[in-house]
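Enquirer: Please read through the structure below; I'll follow up with questions.
The values are calculated or read from the model by the stated rules, or taken from the named source; none is laboratory data. What you are looking at is a predicted structure, and each value in this text was computed from that prediction instead of being measured. Here Cβ is always computed from backbone atoms with ideal geometry, including for glycine, and neighbour counts include all displayed protein chains. Protein only, heavy atoms only, side chains kept; ligands, DNA and RNA dropped before computing areas. Shrake-Rupley method; radii C 1.70, N 1.55, O 1.52, S 1.80 Å.
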Amino acid sequence: MSEKSLAEEVFEIVRNHHAFRGSSLNLIASENITSKEVRKLLTCDMGHRYAVGFLYERMYRGCEYIDKLEELTQFLARKLFRVEHVNTLPISGTVANLVAIGAFTRPGDTMMGLSVMDGGHSSFREVSRYHGVSMVPLPFNAEEYNIDVDQSRKMIAKVMPKMVMLGASEILFPQPVKEISEAAANVGSITVYDGAHVLGLIAGDNFQDPLREGAAVITGSTHKTFFGPQGGIILCKRQYGDAIDKVALSMINNHHINRVAALAYTLAEFLAFGREYARNVVANAQALAESLYNNGLDVICANKGFTKSHQVIFRVKEGAAMEVSKNLERAGIITSMTPLPTDKSETMASGIRLGVQEITRLGMGREEMDQIGRLIAKVVKDPDSVETVREEVRKLASRFIKIHYTFNDNENAYDWY
Ligand SMILES: Cc1ncc(COP(=O)(O)O)c(C=O)c1O
């Protein structure tokens with residue numbers, strides 16, 4: 001094969017991906033879809049440039065418009081999140097955690113955060129490990145599917161960590177930020193809230209308000225419930241800004257400025273539409289959970305109303321989650337498996353995690369959640385139904401192709417060149 005045909009194959013693969021995704025339902029809880037304008041900004045010339053150094057004090061020349069862009073981005077982020085200080089250098093949520101852990105701990109220190117089995121993200125464990133910080137798990141109440149406040153208070157007093165990391169990858173309910181940050185403050189520990197998953201719900205004022213509940217810093221991804229470009233962000237009170245900026249600047253040489261332009265546009269989208277979007281995301285998650293439950297699936301936290309976030313989790317047989325997610329994928333329903341606190345190990349997962357933020361952005365509502373719940377239950381109970389469900393998914397997906405909660409988008413969400 002010639003180099004040219006190999007190069008053309010790249011396009012072929014990407015086109016096929018678009019056709020596949022456009023005919024499927026994406027229920028991955030950590031993804032979303034961006035507006036056409038955001039995608040346009042991602043292809044701009046700023047993606048070829050560097051802007052090393054602080055705003056207006058760059059080591060490279062040529063940054064006049066980049067400085068203007070970053071000033072506007074910070075203004076929009078401060079306004080949206082009602083926060084004093086913003087850092088948009090992190091190119092992902094993991095990098096945002098790397099910066100926060102680097103800013104507030106030293107090798108040899110201890111930090112606390114949820115374990116992966118209890119919904120914590122692997123970056124809590126891995127970043128702390130690479131930084132020489134030991135990570136002690138925060139106690140978790142599996143029935144409440146939330147941090148165990150009493151046990152955590154005791155543990156924090158005993159361990160006296162330098163930092164407590166709140167937030168999680170599997171997150172159904174607001175966390176006890178006030179109680180934990182008070183316990184942390186009693187031993188001189190700083191509280192950071194990893195809002196990677198729920199940043200869009202926080203921005204839309206429909207989950208919890210970590211900074212006003214006691215957290216000093218929020219880290220996050222900008223592409224999960226927050227429907228922006230893939231990237232990271234750090235929001236904090238003024239007194240922590242210098243520590244964050246210093247570490248971020250020393251670790252991140254190249255921060256993908258086209259991403260910052262796309263992020264700025266998304267911040268404006270959120271200022272205009274964020275509340276309505278976040279309200280609809282949570283309502284859809286609750287509607288989907290109800291439908292799954294009414295169709296006979298073991299949706300967790302039924303006694304607590306299932307969820308207050310974008311996520312819904314249901315339990316299958318221990319160790320069977322991978323196979324179930326593969327059957328769902330064959331039916332065009334894209335999900336991910338997740339370990340539950342009661343599973344023996346991460347690989348013996350029994351949880352399927354769903355997120356409704358992307359299908360909400362495409363304009364789906366209660367009726368579609370009822371239908372999707374029925375289709376998922378059908379595949380789980382009868383894998384032989386995959387082909388018939390695939391057809392129904394195709395039809396449903398073809399009716400919801402426009403991106404909502406943006407200024408002027410009316411093209412097919414999954415079209416590409
Ligand atoms: C709680 C949490 N923090 C951090 C991350 C990492 O985010 P990113 O993929 O942007 O690095 C994730 C990823 O899903 C997450 O769930």
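Enquirer: Provide 45, 109 ordered by accessible surface of protein heavy atoms (probe 1.4 Å), highest first.
Expert: I get 45, 109, largest accessible area first.
Enquirer: DSSP H helices in the chain with Cα extent of 18 Å or more along the helix axis and mean Kyte-Doolittle hydropathy at least 0.0?
Expert: Membrane-span-like by this rule: 257-294.
Enquirer: Now for a different question. Using θ = phi - 60° and the Karplus form 6.51 cos²θ - 1.76 cosθ + 1.60, what ³J(HN,Hα) does each residue of the range 197-214 get, whole Hz, x for Gly and Pro?
Expert: Per residue, the Karplus-derived 3J(HN,Hα) values read 6, 9, 4, x, 6, 5, 4, x, 6, 9, 8, 8, 10, x, 5, 7, 8, x Hz.
Enquirer: Something else: Show me 153-159, 192-198, 358-364, 224-230 ranked by packing, highest mean number of other Cβ atoms within 10 Å first.
Expert: 192-198, 224-230, 358-364, 153-159
Enquirer: Follow-up question, since we're still on this one. Tell me, what is the percent relative contact order of the chain, built from C-alpha pairs under 8 Å that lie six or more residues apart?
Expert: With pairs under 8 Å counted, the relative contact order is 22 percent.
Enquirer: Moving on to the next point. Hey, for a label at residue 272 modelled as a point 7 Å past Cα toward Cβ, could you say which residues of the range 379-414 have their backbone N under 15 Å away?
Expert: Counting backbone N atoms under 15 Å from the label point, the list is 403-411.
Enquirer: Taking 7 Å along the Cα-to-C-beta vector as the label spot, tell me the residue 371-residue 402 distance in nanometres, rounded to one decimal.
Expert: The answer from the label model is 1.7 nm.
Enquirer: About its Cα centre, how strong a charge dipole does the range 71-186 have in debye, to the nearest 20, once Lys and Arg get +1 and Asp and Glu get -1 at the Cβ?
Expert: In debye, rounded to 20, the range 71-186 gives about 400.
Enquirer: Just from the alpha-carbon atoms, what are the Rg and Dmax of the range 39-267 in angstroms?
Expert: 17.3, 56
Enquirer: Here is a follow-up. Taking the Cα centre of the chain as origin, work out the dipole magnitude from +1 charges on Lys and Arg Cβ and -1 charges on Asp and Glu Cβ, in debye rounded to 20.
Expert: 460
Enquirer: If you build a Gaussian network model of the chain, linking Cα atoms that sit under 10 Å apart, which residue out of 75, 54, 104 swings the most?
Expert: Looking only at 75, 54, 104, the largest GNM fluctuation is found for 54.
Enquirer: Of the cross-linked pairs 68/237; 79/178; 36/402; 40/79; 224/308; 158/237, which ones have a Cα-Cα span greater than 18 Å in the structure shown? Don't skip to the answer; put the middle values down first.
Expert: On the way: 68/237 23 Å; 79/178 23 Å; 36/402 10 Å; 40/79 24 Å; 224/308 16 Å; 158/237 27 Å.
The pairs that break the limit, which is 18 Å between Cα atoms, are 68/237; 79/178; 40/79; 158/237.
Enquirer: Here's another thing I want to ask about it. How much of the DSSP beta bridge set in the chain is antiparallel, as a percent to the nearest 5?
Expert: 60
Enquirer: Hey, got the Cα dimensions of the chain along the principal axes, in Å, largest first?
Expert: The principal-axis extents, from largest down, are 57, 55, 45 Å.
Enquirer: Counting alpha carbon pairs within less than 8 Å and at least 6 residues apart, what relative contact order, in whole percent, applies to the range 39-267? Write down the numbers at each step before the final one.
Expert: Details: 460 pairs, mean separation 66.4, N = 229.
Computed value for the range 39-267: 29 percent relative contact order.
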